[in-house]
Amino acid sequence: MKDEPESASEMTPSLVPPGPKGNWLTGVMPEFNRDSLGFVTRIARDYGDVVRTRFLYLTAYFISHPRDIERVLTTDHKNFIKPRSFRTPFFQRIVGHGLLTSEGDFWRRQRRLSQPAFHRERTNRYGEIMVDYTERLIDGWRDGETRDLHQDMMRLTMEIVARTLFSADVAGDAEDVGRALKEIAEPFASQATLKWILDNRLPTPAHRRFFRTVQKLDDVVFKVIGERRANGADAGDLLSMLLQAQDEDGGRMTDRQLRDEVMTLFLAGQETTALALTWTWHLLMLYPQAEARLHAELAEVLDGGERLPTVADLPRLPYTEMVIKESLRLYPPAWGVGREAVTDCEIGGYPIRRGAQVFMMSWVVHRDPRFYDAPEEFRPERWNAEEARRLPKFAYFPFGGGPRVCIGNAFAMMEAVLCLATIARRFRFSPAFGHHVTIMPAMSLRPRDGIKAVVHAH
Ligand code: HEM
């Protein structure tokens, strides 16, 4: 990894950062929709670390230097709120005033109340559940069969999050919940098209379907909350922690607030972790040397692969963790972080007007040759302590950073490492003949047609 270079933006004399103008009406929206990853990569390369452009009537800045990203997310975080896209009716209807979208004192209180649910002593208890569900999934796998690993990982993390959030409570409703969650995620699969904008605001069939489905989901979640309040038992899950949480004044969350937090955790935690695992399988198929090293570590630590991994093994699985970290670098499920400026401020020497949207694309920064040698290559070894220390802070931010850093960060890493270890202990994969993997950058970075692979038992 290379030393931190000068920010190109600091050398730009003009007060307006350069950037593509796009169409007089839509700005760069068509270009962005046509090839989002290509677009964000190109503008950073062609215009520099601070790029100014426009989506319809919204001014947008793309920031690509770690030092500027650090300022937006940490030192100057008070100048920013979450981006406009978080305030669309679809998004608001799902997550309400949950952690991901709330702001100011309200957010601070919720974060404080939710934090204990994510303390390591607490989340460590979920390790066994994670391994157990993974074993159940792979017990049905047969040597030589072709599977869609994306679908498998989505199912696995859905079961894990349902169990760790609600315990057995959703067992009866799990299928309904699963189907409903899939349905409500659907509109987010497409990008900011005109249809998406209209569906959000007008009572189109898609709009009505979406609101009906969220209502069904609400019914289940409120039922679970009601039952849990009535019997008062600590089920040892995240919902119990949120129910017990109270601030210094003894204030607790209302049912509505609990519902918003539960939905937020579902939305923020399920697909992201599934994608981290999905892309990891894709990369391991492409890099047999890394795959071999992973298998060697698992065989050594897990007694020749004879036993299942546990939370206690995690410190002895450094390479497995490096595989996940490197996969999150190349395919960050949340491929960018957005903000809106709430005051006139400055980034990288440029004035930024209140109301501007500011985007920091991990997809771009994680592949910047100024910070990473051979950035397009999957090299888990680059995460060994010495190399990683040379990396500028915020050249790597798959979980965001600053006060709004992902609250499920450690939970997700534990889940990804344990699931990877449990599966790779017994299986490896090769690409299915004729299947092409295509990236679809929507709300998160998905494979458009899944990841089809042939299963090989060890
Ligand atoms: C590999 C998996 C994951 C990735 C890549 C990821 C990524 C992120 C990122 C980038 C943010 C910051 C967003 C921003 O600043 O605007 C975030 C926030 C958040 N994530 Fe995650 N996440 C993952 C897993 C999880 C899990 C497992 C949970 C919960 C069980 C979770 C819950 C949340 C919540 C509640 C927030 C909002 C925190 C706040 O603003 O206070 N995430 N995540």
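Nothing in this text is a laboratory measurement; each read-out follows from the coordinates by a stated rule. Owing to the predicted nature of the structure, the values given are computational and were not obtained by experimental measurement. Positions of Cβ are backbone-derived with ideal geometry, glycine not excepted, and every protein chain shown enters the neighbour counts.
Quick rundown of the values:
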| quantity | calculated |
| --- | --- |
| Alpha carbon Rg of the chain, scaled by the compact-globule rule 2.2 N^0.38 Å | 0.98 |
| Cα→Cβ-extended label distance, 7 Å offset, between residue 139 and residue 256, nm | 4.4 |
| Debye equation applied to the C-alpha atoms of the range 391-458, log10 I(q)/I(0) at 0.22, 0.26, 0.28, 0.29 Å⁻¹ | -1.09, -1.11, -1.12, -1.14 |
| Neighbour-count order for 24, 383, fewest beta carbons within 10 angstrom listed first | 24, 383 |
| Percent RCO, i.e. relative contact order, over the chain, from Cα pairs under 8 Å lying at least 6 residues apart | 27 |
| Residues with amide H under 5 Å from that of residue 347, placed H, sequence gap 5 or more | 352 |
| Long-range amide H partners of residue 80 with built H, under 5 Å | 342 |
| Per residue Cα convex hull volume in Å³ - calculated over the range 366-428 | 110 |
| Table column - 3J(HN,Hα) (Hz), the range 386-393, Karplus curve with 6.51, -1.76, 1.60, x for Gly and Pro | 5, 5, 5, 5, 6, 6, x, 4 |
| Net charge over other residues, Cβ less than 11 angstrom from the Cβ of residue 157 (K, R count +1; D, E count -1) | -2 |
| Computed helical MRE - 222 nm, the chain, DSSP H runs ≥ 4 contributing -39500 (n - 2.57), nearest 500 | -14500 deg cm²/dmol |
| Relative contact order [Cα under 8 Å, 6+ residues apart], the range 327-426, whole percent | 25 |
| In nm, spacing of pseudo-spin labels at residue 35 and residue 381 (7 Å Cα→C-beta vector) | 3.3 |
| Net charge of neighbours whose Cβ lies under 14 Å from the Cβ of residue 385, counting Lys and Arg as +1 and Asp and Glu as -1 | 0 |
| Spin-label model distance (nm) - residue 448 vs residue 299, 7 Å beyond Cα toward Cβ | 3.9 |
| Residues whose placed amide H lies under 5 Å from that of residue 446, excluding near-sequence neighbours | 440 |
| The range 237-321: relative contact order as a whole-number percent, Cα under 8 Å and 6+ apart | 15 |
| Over the range 260-378, volume per residue of the alpha carbon convex hull, in Å³ | 159 |
| Extent along principal axes [Cα atoms of the range 342-458; Å; largest to smallest] | 58, 35, 30 |
| Ranked list, fewest to most other Cβ atoms within 10 Å of each Cβ, for 41, 134, 272 | 41, 272, 134 |
| Lysine-lysine proximity count for the chain, Cα under 27 Å, sequence distance 8 or more or distinct chains | 17 |
| Rounded, prolate or oblate (a/c below 1.5 giving rounded, otherwise prolate when a/b exceeds b/c) for the range 1-140 by Cα gyration tensor | prolate |
| Two-decimal Rg/Rh across the range 292-354, once Rg and the Kirkwood Rh are taken from alpha-carbon atoms | 1.36 |
| Packing-based exposure ordering (other Cβ within 10 Å, fewest first) of 112, 147 | 112, 147 |
| Sum of side-chain charges, residue 307 neighbourhood, beta-carbon under 10 Å (Lys, Arg +1; Asp, Glu -1) | -2 |
| Förster radius 35 Å - calculated FRET efficiency between residue 85 and residue 373 (Cβ-Cβ, nearest 0.05) | 0.55 |
